[in-house]
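What follows is a short report on a single structure.
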Amino acid sequence: MSIAQRILQFNRSLQPNWELPPHADLLYPFDGEETWRAMEQFYGKYYGDDRPRIAIFGINPGRFGAGVTGVPFTDPIRLEEVCGIPNAFHKKPELSSDFVYRFIDNWGGAEAFYEHFYITSLCPLGFTRDGKNYNFYDDKKLERAVEPHIIHNIQSQLDLGVTNKVALVMGVGKNWKHFEPLNEKHGFFEVLKPLPHPRWVMQYRRKRLEEFLEDYQQALDWAVGKQKL
């Protein structure tokens with residue numbers, strides 16, 4: 001079974017039946033026909049083999065990226081224009097996707113990048129509150145409710161075919177602070193490295209964009225070196 005088949009199988013196993021605090025709504029994109037078509041084409045194109053990849057963990061899917069396309073940090077614009085997968089989604093850009101595909105381009109483009117890396121999220125499903133993105137760590141009740149799903153998700157990513165030698169974490173604040181002790185307790189990965197979250201860079205540090213892109217380039221090179229050890 002290819003990595004693509006395992007990824008799609010895992011996504012099919014996710015169900016919109018999570019018990020959440022009443023103020024949080026689950027973001028569940030996997031009941032859409034166009035979303036499934038996009039995912040099947042994307043993962044079939046870039047992961048139709050069984051070579052181990054290096055996982056890059058975001059926080060949880062957002063409304064304008066994976067919450068639409070089913071592909072983490074890939075909005076409908078990049079899905080079509082960069083990945084070559086035409087789609088009928090409304091072409092609304094996402095800031096995080098913009099940054100991610102900049103460092104993908106710096107690496108050598110989507111085909112070269114996805115040959116080595118697999119982008120996912122710590123929590124496999126996202127959340128909204130009052131119609132806006134809501135991260136799993138934005139309140140303790142939600143964090144406690146989804147932690148079993150997070151632990152299951154991390155282990156499942158390893159089962160998909162990612163290396164356990166190294167992983168990158170997007171988010172040096174709360175995402176890292178949640179992931180690091182979990183990894184210490186369960187021993188998912190030998191080494192983790194945190195990086196500034198793409199949205200934080202684009203929203204608050206855009207004048208230093210090239211600096212952060214260089215940081216990502218160095219981290220990607222470092223991770224590939226760790227995988228080969």
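When the criteria are applied in full, H116 fails the requirement of being within 18 Å of the chain's Cα centre (by Cα), farther than 30 Å from Q218 by Cβ, open to solvent by 50 Å² or more (accessible area, probe 1.4 Å) and at pLDDT 95 or above. Taking the numbered list (1) open to solvent by 10 Å² or more (accessible area, probe 1.4 Å); (2) more than 27 Å from E180 (Cβ to Cβ); (3) under 15 Å from the mean Cα position of the chain (by Cα) in turn, D50 passes all entries but (3). Here Y43 clears all of (1) touching a Gly at 6+ places or on another chain (Cβ under 7 Å); (2) of a type outside the set (D, E, K, R); (3) part of a helix (DSSP H, G or I) except the condition numbered (1). Quick one: how many residues across the stretch 188-212 are more than 14 Å from R102 (Cβ to Cβ) and touching an Asp or Glu at 6+ places or on another chain (Cβ under 7 Å)? Looking only at that region, the number is 1. Here L8 meets the list (1) of a type outside the set (G, A, S); (2) in a loop (DSSP other than H, G, I, E, B); (3) surrounded by 16 or more Cβ atoms within 10 Å (Cβ to Cβ) almost entirely, failing just condition (2).
Whether any residue in the stretch 53-61 is open to solvent by less than 10 Å² (accessible area, probe 1.4 Å), in contact with an Asp or Glu (Cβ under 9 Å, 6 or more places away or on another chain), charged (D, E, K, R) and in contact (Cβ under 8 Å) with a residue 40 or more places away in the chain is what I want to check. Yes, there is a match, as at least one residue in the stretch 53-61 is open to solvent by less than 10 Å² (accessible area, probe 1.4 Å), in contact with an Asp or Glu (Cβ under 9 Å, 6 or more places away or on another chain), charged (D, E, K, R) and in contact (Cβ under 8 Å) with a residue 40 or more places away in the chain.
Residues of the stretch 139-172 that are outside any helix (DSSP H, G or I), over 20 Å from P29 (Cβ atoms) and at pLDDT 95 or above: V162, T163, N164, K165, V166, A167, L168, V169, G171, V172.
Comparison of K174, K141, K207, K132 shows that the only residue that is farther than 24 Å from F10 by Cα and within 16 Å of the chain's Cα centre (by Cα) is K174.
Of the residues V201, V162, V169, V146, the single one that is buried (at least 17 other Cβ atoms within 10 Å of the Cβ) and over 25 Å from L95 (Cβ atoms) is V162. Residues of the stretch 79-96 that are free of Cβ contacts under 8 Å to residues at least 60 places away in the same chain and either surrounded by 14 or more Cβ atoms within 10 Å (Cβ to Cβ) or within 21 Å of I7 (Cα to Cα) (or both): L79, E80, V82, C83, G84, I85, P86, N87, F89, E94.
Here's the yes/no breakdown for (1) under 25 Å from P52 (Cβ atoms); (2) touching a residue at least 24 places away in the same chain (Cβ under 8 Å); (3) loosely packed, with under 13 Cβ neighbours inside 10 Å:
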{"position": "W176", "(1), (2), (3)": "yes, no, no"}
{"position": "E211", "(1), (2), (3)": "no, no, yes"}
{"position": "D215", "(1), (2), (3)": "yes, no, no"}
{"position": "W222", "(1), (2), (3)": "yes, yes, no"}
{"position": "L229", "(1), (2), (3)": "yes, yes, yes"}
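The values are calculated or read from the model by the stated rules, or taken from the named source; none is laboratory data. These numbers were taken from a predicted model, which means no experiment stands behind them. Heads up, the Cβs are rebuilt from the backbone with ideal geometry, glycines too, and the neighbour counts pull from every protein chain shown. What goes into the accessible areas is simple: the full protein's heavy atoms, side chains included, and nothing from ligands, DNA or RNA. Shrake-Rupley method; radii C 1.70, N 1.55, O 1.52, S 1.80 Å.
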